[in-house]
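Accompanying notes for the structure given below.
Nothing in this text is a laboratory measurement; each read-out follows from the coordinates by a stated rule. The structure presented is a predicted model; accordingly, all values stated were derived computationally and were not measured. Positions of Cβ are backbone-derived with ideal geometry, glycine not excepted, and every protein chain shown enters the neighbour counts.
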Amino acid sequence: MVRLVPMTESEFRAAVERSVPRHAERSVQRGEWAPEGALEASRSELLEAMPEGLATPGRFFATITNETDGRRVGEVWYSSRRHGGKIRFWVEWLWIDPEHRRRGYAAQALEQLATVAVAHGADRMGLYVYVDNPGAVALYTKLGFVTKNLSMVRALRPGGSAPGAPVR
């Protein structure tokens, strides 16, 4: 079983520093950003989303720990905001450290987040997932998430889309 433990300021800073290159690399792989400038774009995007860091209103940051031995197995960032008369509860980032994957930690964390979402007054929980991450898509589907939106990209020239996508 896992426990969601609110991050300290130092844990938050370390999490951001780990996430910047990960987000940049994946955005380059997906054809969204050019390699030169990807790190700066990633850092800028994160700063825009969290202008007050750990204290950004409506944003929450937790370390996912193994309840049995207290070890860190990952992290989760989520938001809870009133929007359109309802509470919008959104999983912004879910990361399980590679050495702890495929052990049910992500599913357990999401089930705990569902409880947190209800406590916040939400009647549903959302997240984004890229289609090039079939393991995550399968997990989220298994846990009851359904597709509500679909973002599509058309390559206009080579390098304008994810690798392997046709150019017309």
Original post:
Between Lys86 and Ala107, what FRET efficiency comes out of the Förster formula 1/(1 + (r/R0)^6) with R0 = 25 Å and r the beta carbon distance, rounded to 0.05?
Top reply: 0.50
Original post:
Can you tell which of Ser151, Met7, Pro98 lies farthest toward the positive end of the dipole of the chain, using +1 and -1 charges on the Cβ of basic and acidic side chains (Lys, Arg; Asp, Glu)?
Top reply: Ser151
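Based on the Cβ-Cβ distance from Glu25 to Ala55, what FRET efficiency comes out when R0 is 30 Å, to the nearest 0.05?
Details: r = 28 Å, r/R0 = 0.93.
Approximately 0.60, to the nearest 0.05.
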**OP:** Just subtract the alpha-carbon distance of Val131 and Ala34 from 0.36 nm times their residue separation and send over the number in nm, one decimal.
**Re:** 32.9 nm
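What 222 nm value per residue comes from the helices of the chain, counting each DSSP H run with n ≥ 4 as -39,500 (n - 2.57) and dividing by all residues, nearest 500 deg cm²/dmol? Walk me through the numbers on the way to the answer.
Numbers: 4 runs with 57 residues, N = 168.
The per-residue figure over the chain is -11000 deg cm²/dmol.
For Arg124 and Ser44 in one chain, what is 0.36 nm times their gap in residues minus the Cα-Cα distance, to one decimal in nm?
On the way: separation 80, 0.36 × 80 = 28.80 nm, distance 2.91 nm.
Length gained between Arg124 and Ser44: 25.9 nm.
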**OP:** For mean projected area of the Cα convex hull in nm², several values are listed as (1) 9.2; (2) 27.6; (3) 11.2; flag the one computed from this structure.
**Re:** (3)
Original post:
For the chain, with only Lys/Arg (+1) and Asp/Glu (-1) charged at the beta-carbon, what is the dipole magnitude about the Cα centre, in debye rounded to 20?
Top reply: 660
Original post:
Going by alpha carbons, how many degrees (0 to 90, nearest 10) lie between the helix axis of 38-49 and the longest principal axis of the chain?
Top reply: 40
**OP:** Please identify which residues in region 61-90 have an amide N closer than 15 Å to a label point set 7 Å out from the Cα of Val5, following the Cα→Cβ vector.
**Re:** 61-76
Original post:
In sequence order, what are the phi-derived ³J(HN,Hα) couplings for region 90-103 according to the Karplus relation 6.51 cos²θ - 1.76 cosθ + 1.60 with θ = phi - 60°, rounded to whole Hz, with x for glycine and proline?
Top reply: 10, 7, 7, 7, 10, 9, 10, 4, x, 6, 10, 6, 6, 10
